[in-house]
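Novice: One structure, as structure tokens, below. Some questions next.
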Amino acid sequence: QVQLVESGGGLVQAGGSLRLSCAASGRSFSNFLMGWFRQAPGKEREFVASVSWSVGVTSYADSVKGRFTISRDNAKNTVYLQMNSLKPEDTAVYYCAARQGAYTPVAGRWAYWGQGTQVTVSS
């Protein structure tokens, strides 16, 4: 069974950086798309970034382009989200997700989810 475990969240000042990790286990992810979503209080869960496990093709939400970088380490079965130039509006619970199939930013179409990690950016 698929397990996704996030780590690396915390409190950071605006302009700072954090790196989130997502350890994936339970099966081969070679044909999977891996992604990060976030959900702020009172808001819908929104797409942040994704990467195809096999060839490393990436996609980003416009709000994070140029500031966030998603990557994966096949040997460690881990996906990362490097977040730079953080803003207070980046404050949210960040979730790792996985799906088989083409890219989609629609959260409801992703099959597997981690438990989430809190990121808080102070102004």
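Novice: How would you order 75-84, 105-114 from highest to lowest mean count of nearby Cβ atoms within 10 Å?
Specialist: 75-84, 105-114
Novice: Loop-only GluC sites (Glu not before Pro) in the stretch 1-83, please: DSSP not H, G, I, E or B, and at most 13 other Cβ atoms within 10 Å.
Specialist: Glu44
Novice: Please work out the Cα center distance from the stretch 78-123 to the stretch 1-49, rounded to the nearest Å.
Specialist: Using only Cα atoms, the two centres lie 4 Å from each other.
Novice: Amide H neighbours of Trp110 under 5 Å, at least 5 residues apart or on other chains, H built in the peptide plane: list them.
Specialist: Residues meeting the amide H criterion: none.
Novice: Order these peptides, 91-103, 60-72, by their mean beta-carbon neighbour count within 10 angstrom, highest first.
Specialist: Put in order of decreasing packing, that is 91-103, 60-72.
Novice: Same structure again: At what distance in nm do the modelled label points of Val55 and Ala40 sit from each other, each positioned 7 Å from its Cα along Cα→Cβ?
Specialist: Placing both labels 7 Å beyond Cα along the Cβ direction yields 3.5 nm.
Novice: Here's something else I'd like to know. Name the aspartates and glutamates eligible as straight-distance cross-link partners of Lys87: C-alpha to C-alpha under 17 Å, and not fewer than 8 places from it in the same chain.
Specialist: Of all the aspartates and glutamates, those that pass the test against Lys87 - Cα under 17 Å, at least 8 places apart if same chain - are Glu46, Asp62.
FYI, it's all coordinate maths here, none of it is from the lab. Source: prediction; values computed, not measured. Cβ: placed from backbone, ideal geometry, glycine included. Neighbour counts: every protein chain shown.
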